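Report on the following structure.
The values are calculated or read from the model by the stated rules, or taken from the named source; none is laboratory data. Please read all numbers here as calculations on a predicted model, not as lab measurements. Here the Cβ positions follow ideal geometry from the backbone for every residue, glycine too, while neighbour counts run over all protein chains shown. Heavy atoms of the whole protein, side chains included, go into the accessibility calculation; ligands, DNA and RNA do not. Shrake-Rupley method; radii C 1.70, N 1.55, O 1.52, S 1.80 Å.
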Amino acid sequence: MSAASRSNSSAALQDGDIVERMTIFSLCTASAAVFLFINGTLMFTLRSRSVFRDTCRYILLYNLLLADTAQLAVCQLLFLLSVCRITLTYPVCGTLTVFANLTNVSSPLTLVVMSVERCIAVCMPLRHAAIVTIRNTGLALLLVWTISSLHNMCRVFLLLDFPFVDLESLQMRDLCSDLTMLLGSKSKAYDNVFNGFLFVSAALVIISSYIGVIIAARSASTGKTSALKARNTLMLHLVQLCLSLSSTIYNPMLIALLRILQYAVFIRLHKFLYVLIILFPRCLSSLIYGLRDQTIRPVLLGYLCCRLNPKIAAVSG
């Protein structure tokens, strides 16, 4: 093959790579923009009416949406940087990943609080109003964000052990991700232990709440319809928990796939896994609550259809 033919072939491959990257860039960005718009509209909906602002389960839902939306925005930013192959400095990447981890931990913890609230509503309906108050809900959310913040502080302290002074430059050679900021064996071990503990603890609380609701449903004093709705909600919470924490296995999965797949195949699979594991779980809350909840749905659809004064249904337990 002549030099001119090799040059033309190389240029064609580069052009094909650029077209593929731009296509992926456009599709993922468009999908993330749609999900962010829906999440933002639902968050606006929850703050637009006093019936939502003064109801504890809608306050918890707003917190869940806030964490998921922030997580989606940061993950999309990191994804676009990786598609464009733009590297960052360690301080900038560290700031982004710390923020992503802060919201990533608060989501499963908020699901735990929401599950406990539904369990109390069914198992102790007469005491629900006294236990689940605006003040207690605020304290629960404060605890959620405190645990998330403490987790990130531990990660930062472990990161300080890394000898940054020995580096020639703070510019990263690898693309920014949560995995590339786990510098040192201590950071990796701590992250694995914390994620495992978080998943097991949250799953146990949600499963216990589910069992409590099933037991209460068999009682003659408990409303069957309310118990059935709560049981279905708790099952959805468990599914959400699994999807929410699936992002913790995203980077280790990519490393394992990179070792066994060709690079071209890996790049395409990487984009598919990003949509499945990162994008989809972050929009699930809007799809579940925005369309399933009889009180939220008419207001949300009204705002999505640009109606200025959508009607609202009566709040049901």
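Observations, loosely collected:
- Taking label positions 7 Å along the Cα-Cβ direction at both Leu143 and Leu258, the computed distance is 3.9 nm, reported to one decimal.
- Of the residues Arg47, Arg118, the one with the largest accessible area comes first in the ranking Arg47, Arg118, computed with a 1.4 Å probe on protein heavy atoms.
- Computed over neighbours whose Cβ is under 15 Å from that of Asn101, the net charge equals 0, Lys and Arg +1, Asp and Glu -1.
- Per-residue extension of 0.36 nm, minus the Cα-Cα distance of Met235 and Thr95, leaves a gain of 47.0 nm for this segment.
- Cut-off 17 Å (backbone N to label point 7 Å along Cα→Cβ of Ser50), residues of segment 120-136: 134
- Multiplying the residue separation of Leu27 and Asp174 by 0.36 nm and subtracting their alpha-carbon distance yields 50.5 nm.
- Highest to lowest packing among 88-97, 188-197, scored as the average C-beta count within 10 Å: 88-97, 188-197
- Amide H to amide H distances under 5 Å link Thr89 with Met172, where only residues 5 or more positions off or on other chains count and H is placed in the peptide plane.
- Peptides 212-218, 234-240, 64-70 ordered by average Cβ neighbours within 10 Å, highest first: 64-70, 234-240, 212-218
- Whether segment 88-182 is rounded, prolate or oblate, judged on the alpha carbon gyration tensor where a/c under 1.5 counts as rounded: prolate
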